[in-house]
Amino acid sequence: MKTFSDLGISGSFIDALNELNIKKPTEIQLKAIPFLMETGTDFIGQAQTGTGKTAAFGLPILHAMNPEVHIPQALILSPTRELCQQIARQLFKFTRFWNQKVFVEAVYGGAKIDEQIKNLRRPTHVVVATPGRLIDLLERKAINLSAIKIVVLDEADEMLSMGFRKELDTILDITKDKSNTWLFSATIPGEIQSIIENYMAPDAMRVQVNQFDVINRDIEHKFVVCKKEEKPGMLFHFLKSQGKNRGLIFCRTKLDAKNLAQELIAGNYNSEALHGDLLQKERDKVMRAFKNKKLQILVATDLAARGLDVEELAYVVHYHLPEKTEYYTHRSGRTARAGRKGFSISIVSQDERSELRSIERELGITIKEVR
């Protein structure tokens, strides 16, 4: 089994990885890091959430930075504020034992742009941005992309599904002739293929992660069958068995998440909903309360929970099954963090069992029925 040292990662970064309990490279890291460290030309990585993509592109980026150049040399584009914040935090943690001063700045919508402009005036080597906010900064001439040598499109399919195609075209038109483009995406639909053809080299390196290696094997997967009208009662029965344990409950729609959170509050559970209708300051307030353990249960939609990184969650409940198989991976991966064990349970009606079996087959896991 190859180690991070075998992949070319320097000792100070390995010390940081050890502190984060990241011991063995994942498949995407094994395939991407040596190429990105040594060759560094255009790269396409097809990998789902939870495969270790941030380290796969983040460690080669940090190795490539020149601390003496005080304007951005790498640009990471990500679909949501939460993912931007998570990536920036992770890169910061990777540099904990490094003696070089490399600074990462996250810029995203929903925060004061004047404050972000002020922060960008400081020495900044890596910028993590949502496409819309980056365009705002470019229009104000508040960010200098002249020294950019690496552009990463993280969760590229999500950025397109959120309507950022025009912004991505504008940004890639600016950077394409002077930088290497590294694209990471769970799927490669037509629009992604169009970006690859328009902005990336024909001989770009392509790798694909085996989907069976995506699921964290420290997570126990179970399901329970009931009638649709019995779902709330079944959920309350499960939550009672969990005592004071903290967890996440996933719903498909914003309305479902809002309604379920209200039911939980009425049942004396310290709960809130996280969904797309919340203002940014409301989202931040809910997330602060959950991370600070003032909330026991968070009810969320898939998109709202993108980039969610909370420690010590005992369980994840799939109150509704996800629309996409990779979302099951993303949801379940919110538990069993940092080497801990976790529990993922789906509450399904009889006619959803075939959907659940499809998830089993696609991910190569066993989901056991609770009777």
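The values are calculated or read from the model by the stated rules, or taken from the named source; none is laboratory data. All values reported here derive from a predicted model rather than from experimental measurement. Here Cβ is always computed from backbone atoms with ideal geometry, including for glycine, and neighbour counts include all displayed protein chains.
Summary table below
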| item | result |
| --- | --- |
| Given (1) within 21 Å of residue 196 (Cα to Cα); (2) of a type in the set (Gly, Ala, Ser); (3) at pLDDT below 95, index of the condition residue 110 fails | (1) |
| Pairs with Cβ under 6 Å, 6+ apart, first in the stretch 172-192 and under 15 Å from residue 51 (Cβ atoms), second part of a helix (DSSP H, G or I) and not small (Gly, Ala, Ser) | 182/57; 184/53; 185/157; 185/192; 186/157; 186/326; 187/157 |
| Residues of the stretch 38-66 satisfying the condition of being over 23 Å from residue 106 (Cα atoms) and assigned to a helix (DSSP H, G or I) | 38 |
| Residue count for the stretch 67-104, restricted to those that are free of Cβ contacts under 8 Å to residues at least 60 places away in the same chain, assigned to a helix (DSSP H, G or I) and farther than 29 Å from residue 282 by Cβ | 0 |
| Residue within the stretch 127-137 that is under 22 Å from the mean Cα position of the chain (by Cα), among the charged types (D, E, K, R), assigned to a helix (DSSP H, G or I) and at pLDDT 95 or above present | yes |
| Enumeration of residues in the stretch 239-254 that are surrounded by fewer than 17 Cβ atoms within 10 Å (Cβ to Cβ) and either assigned to a helix (DSSP H, G or I) or at positive phi (or both) | 240, 241, 242, 243 |
| Candidates 89, 96, 81, 121, filtered to the one that is under 19 Å from the mean Cα position of the chain (by Cα) and surrounded by fewer than 17 Cβ atoms within 10 Å (Cβ to Cβ) | 89 |
| Within the stretch 261-284, tally of residues that are β-branched (Val, Ile, Thr) and not in a helix (DSSP H, G or I) | 0 |
| Single condition residue 166 does not satisfy, out of (1) in a loop (DSSP other than H, G, I, E, B); (2) within 25 Å of the chain's Cα centre (by Cα) | (1) |
| Index of the failed condition, residue 97 passing every other in (1) more than 25 Å from residue 159 (Cβ to Cβ); (2) out of contact with any Ser or Thr (no Cβ under 8 Å at 6 or more places or on another chain) | (2) |
| Options 329, 335, 366; residue that is hydroxyl-bearing (Ser, Thr, Tyr), surrounded by 21 or more Cβ atoms within 10 Å (Cβ to Cβ), in a loop (DSSP other than H, G, I, E, B) and in contact (Cβ under 8 Å) with a residue 12 or more places away in the chain | 335 |
| Selection from the stretch 176-192 of residues that are farther than 16 Å from residue 78 by Cα and modelled with pLDDT of 95 or more | 180 |
| Residue count, the stretch 8-26 (criterion: within 28 Å of residue 201 (Cα to Cα) and buried (at least 19 other Cβ atoms within 10 Å of the Cβ)) | 3 |
| Any hit, the stretch 10-31, residues being without any contact (Cβ under 8 Å) to a residue 40 or more places away in the chain and within 15 Å of residue 184 (Cα to Cα) | yes |
| Extreme residue, nearest to residue 77 (Cα to Cα), among residues of the stretch 295-312 that are among the small types (Gly, Ala, Ser) and at pLDDT below 80 | 307 |
| Test for residue 275: is it of a type outside the set (Gly, Ala, Ser) and within 20 Å of the chain's Cα centre (by Cα) | yes |
| Residue 127 vs. criteria within 24 Å of residue 36 (Cα to Cα), assigned by TED's automatic domain parsing to the domain that holds residue 39 and out of contact with any Pro (no Cβ under 8 Å at 6 or more places or on another chain) | no |
| Matching option when the condition is hydrophobic (A, V, I, L, M, F, W, C) and touching a His at 6+ places or on another chain (Cβ under 9 Å), among 223, 238 | 223 |
| Of all residues making up the stretch 34-50, the number that are surrounded by 24 or more Cβ atoms within 10 Å (Cβ to Cβ) and either among the hydroxyl-bearing types (Ser, Thr, Tyr) or over 24 Å from residue 302 (Cα atoms) (or both) | 2 |
| Residues satisfying the stated conditions in the stretch 255-305, i.e. among the small types (Gly, Ala, Ser) and exposed (fewer than 15 other Cβ atoms within 10 Å of the Cβ) | 266, 267, 276, 289 |
